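The next block holds one structure in the form of structure tokens; read it before the comments.
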Amino acid sequence: MKLKFTFSIFLLVFFTQLFAQSEAEKRTLLQSAEVYFDFGKHDLRPEADATLLSIAQAVSGLENFEIKITAHTDSIGTLKNNLALSQRRADAVKNYLITQGLPPEKFTVSFFGETKPAAENTSDQGRQLNRRANIEILQSTPMVTIEGTVLDEKTGQPLIADVVFHTKDSRDSIRTDASGYFKKTYSPETVVGLDAFAECYFMKSEMLKAAPGMQPVKLALKKAVAGEKVDIDNLYYVGGQPVLLEKSKPELPKILRFMQLSPKMKIEVAGHVNFPNRPPVVEESFEYKLSVARAKMVYEFLLKNGIEEDRISFKGYGNWEMRFPNAISEQQQAQNRRVEIRVLENGCN
């Protein structure tokens with residue numbers, strides 16, 4: 001019983017340290033190599049010199065690196081003797097590299113005897129492949145923690161929400177705790193998009209670059225009550241067409257997620273065009289029909305992806321509700337050229 005308890009404590013400490021390390025830094029494999037040994041021997045063969053010298057040269061000038069050595073044997077002999085032999089093989093590799101000027105504290109050594117074969121032990125060739133030491137150069141990169149809270153925009157109260165993290169190479173989702181808190185680690189300089197979703201709230205998006213010492217993020221979500229409206233951010237169209245630019249296509253699944261999280265909500269998708277310094281267009285005009293077509297495109301996407309028809313409608317507003325009727329800058333024109341979500345019924349308590 002005492003042995004089981006001690007082993008459980010060991011596992012708890014090990015995994016706690018492992019998690020803490022993964023939170024603080026990322027280790028990247030820069031180079032790996034193998035050296036092989038004669039039967040029952042731990043002496044380095046002459047051909048090992050070139051391999052180990054290349055390892056020593058590879059770490060010259062490097063910072064934050066580690067040399068990981070794992071050593072093995074074939075299955076001839078007892079488990080106890082093979083474990084001791086693999087330890088001597090690991091030490092032989094380590095000692096050679098230390099003579100080449102590598103600091104002893106840079107090494108991590110493991111030895112496994114015959115328990116992790118690289119090949120079957122049924123032939124001379126297979127046993128030779130198992131009489132080996134693997135050497136890896138690992139470089140550590142300090143990680144940046146992106147953390148923050150999701151809040152009600154009006155009351156400042158924390159919200160339980162889903163925060164989706166996305167980069168050019170990855171995508172992950174985290175549920176905030178009861179205090180609205182979330183965190184995730186990234187390599188420095190990684191550009192990260194955050195999308196926050198909570199039931200009966202409009203979604204919120206933000207782009208960040210991971211940097212040491214960055215301040216916590218506050219994502220304030222607006223309550224989606226009847227009569228409220230919000231722009232669909234980053235929804236851009238080909239000029240004069242109801243066709244999304246390629247960079248805007250990831251925005252549509254966000255609208256879908258918003259509707260899925262609030263299953264009783266009913267909305268209108270409202271389309272607008274930029275047609276400044278002119279009177280309101282008529283419904284027969286190209287501009288009005290374009291505003292309808294852009295709204296309809298979003299509407300049809302939601303229908304196709306399972307949102308019930310009685311929960312969504314669409315409408316075009318031409319240039320009737322431009323934010324900048326006399327727009328002169330591209331920024332002002334972009335705000336005129338928009339699609340909104342208007343809440344008809346929120347269906348929330």
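Rule-based calculations on the coordinates, nothing more; no lab input. What you see is a predicted model; the values in this text were computed from it and never measured. Glycine also receives a Cβ, built like all others from the backbone with ideal geometry; neighbour counts cover every protein chain displayed.
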>> Please state the shape class of region 89-148: rounded when a/c is under 1.5, otherwise prolate if a/b exceeds b/c and oblate if not, all from the C-alpha gyration tensor.
In response: oblate
> Using Cα-only point scatterers and the Debye equation, what is log10 of I(q)/I(0) for region 149-277 at each q in 0.10, 0.13, 0.17 Å⁻¹, rounded to two decimals?
Replying inline: -0.37, -0.62, -0.99
> In percent, what relative contact order does the chain have, based on Cα pairs under 8 Å that are 6 or more apart in sequence?
Replying inline: 14 percent
> Under the Kirkwood approximation for Rh and a Cα-based Rg, what ratio Rg/Rh is obtained for region 245-290?
Replying inline: 1.12
> So for region 225-349, Kirkwood radius off the Cα pairs, Stokes-Einstein at 20 °C and 1.002 mPa s: how many µm² s⁻¹?
Replying inline: 145 µm²/s
> What per residue convex hull volume, in Å³, comes out for the chain when only alpha-carbon positions are used?
Replying inline: 244 Å³
> If we count trypsin sites (Lys or Arg not before Pro) as exposed when they sit in a DSSP loop and have at most 16 other beta carbons within 10 Å, what is the longest stretch of the chain that avoids them all?
Replying inline: 42-153
> Which log10 I(q)/I(0) values, to two decimals, does region 282-349 give at q = 0.18, 0.22, 0.26 Å⁻¹ under the Debye formula with one point per Cα?
Replying inline: -0.79, -1.00, -1.15
>> Give me the three principal axis extents of region 25-141 from the C-alpha atoms, as integers in angstrom, largest value leading.
In response: 42, 30, 22
> P(r) for region 143-223: what percent of alpha-carbon pairs falls in each 10 Å bin, starting at zero?
Replying inline: 20, 54, 24, 2
> Once every DSSP H run of n ≥ 4 in the chain is given -39500 (n - 2.57) and the sum is divided by its residues, what mean residue ellipticity at 222 nm do you get, rounded to the nearest 500 deg cm²/dmol?
Replying inline: -9000 deg cm²/dmol
>> Output needed for region 105-179: three equivalent-ellipsoid semi-axes, defined as square roots of 5 times the C-alpha gyration tensor eigenvalues, in descending order, whole Å.
In response: 51, 16, 12
> About its Cα centre, what dipole magnitude does the chain give when the only charges are +1 on Lys and Arg Cβ and -1 on Asp and Glu Cβ, stated in debye to the nearest 20?
Replying inline: 420 debye
